[in-house]
Each structure stands twice: as structure tokens, then as C-alpha cells.
Amino acid sequence: ALDKTLAYTKERKAFGKRLDEFPALLFRIADMAIELEAARTFVWRAAAALDRKDADATMLCAMAKRFGTDVGFEVANQALQLHGGYGYLSEYGIEKIVRDLRVHQILEGTNEIMRLIVSRKLIEGAR
């Protein structure tokens, strides 16, 4: 979604300027990239903990799943917003990314269940 948005903002014009010339839109794109990098890093950390069979691997995986899918959905939603009405057209591919990411917030345990896993592990550790 971010890559498609970067390409789109180089092509699309509004008010006589390309979209990638509007600072407010550039700030939004930067935030999208920052959030994605944070989510990737979290997933890698959780995966490494799982590989090592760390005691907190389950909690970290639940955290990473919740954070990663929420960030992914939000970034895709921002991409759709930056595409305007075109974001809903299948030719641009953004609407499918949004739908796919929304379902990942539900599959393999809803993000609410991920929060329960995290909170239970935290409470268990505090005893």
C-alpha cells in the first residue's frame, strides 16, 4: 500500500502540483513508513523469541500480531485516503489490501483475544 501510494503521489496532481509536493501529505507518508518499520521490528523480535523458545514468546507474538495488523490496516487505510476515490477502484489494488488487512485483525485470534493473552501473561508474571 505504501509503495503504491508513493508511485501514485508522483503521478497525481491537485491544484496544479503533484501530490508529493504537499508537505502535509509527505508527513503522512513518513508516518506510514515509520509505523510499518516499527511493526516489522516488533514482528522480528517476537519471531526471534519464539525461535529461542523464550518464556515471553507467546506474549510477544500476541503483541506483535495485534500491533502489526492494526498498523498494517491503518497504513492501508491512509493509502486509500491518499488515493481519494481511486483507492476504491480495483485497478489500484488498495481496496483489496485494506480488505485483506482487516481480515487479519480477525483471523488467527482477534486482536481483542491478543490483548487478553497479553494481559493474562502480565498478570501471571506479577504474581
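Which of the residues that make up segment 86-127 are at pLDDT below 85 and among the polar types (S, T, N, Q)?
Correct list: Q105 only.
Looking at the structure I just gave you, is V118 surrounded by 13 or more Cβ atoms within 10 Å (Cβ to Cβ) and closer than 25 Å to D3 by Cβ? Working first, answer last.
Values: surrounded by 13 or more Cβ atoms within 10 Å (Cβ to Cβ): yes; closer than 25 Å to D3 by Cβ: no.
Considered against the rule, which asks whether it is surrounded by 13 or more Cβ atoms within 10 Å (Cβ to Cβ) and closer than 25 Å to D3 by Cβ, V118 comes out as no.
Listed here are the residues, each with its yes/no results for (1) surrounded by 13 or more Cβ atoms within 10 Å (Cβ to Cβ); (2) of a type in the set (K, R); (3) in contact (Cβ under 8 Å) with a residue 60 or more places away in the chain; (4) more than 18 Å from L60 (Cβ to Cβ).
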position: G85; (1), (2), (3), (4): no, no, no, yes
position: Y88; (1), (2), (3), (4): no, no, no, yes
position: Y92; (1), (2), (3), (4): yes, no, yes, yes
position: R99; (1), (2), (3), (4): no, yes, no, yes
position: I106; (1), (2), (3), (4): no, no, no, yes
position: E124; (1), (2), (3), (4): no, no, no, no
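Go over the candidates L6, L82, L26, L60 one by one and state the one that is in a helix (DSSP H, G or I) and under 20 Å from R115 (Cβ atoms).
L60
Just to be sure before I move on: is D31 of a type in the set (D, E), modelled with pLDDT of 95 or more, more than 30 Å from G125 (Cα to Cα) and surrounded by fewer than 18 Cβ atoms within 10 Å (Cβ to Cβ) in the structure I sent?
Yes: the conditions hold for D31.
The values are calculated or read from the model by the stated rules, or taken from the named source; none is laboratory data. The structure displayed is predicted, hence computed values, not measured ones. In this analysis, Cβ positions are derived from the backbone assuming ideal geometry, glycine residues included, and neighbour counts consider all displayed protein chains.
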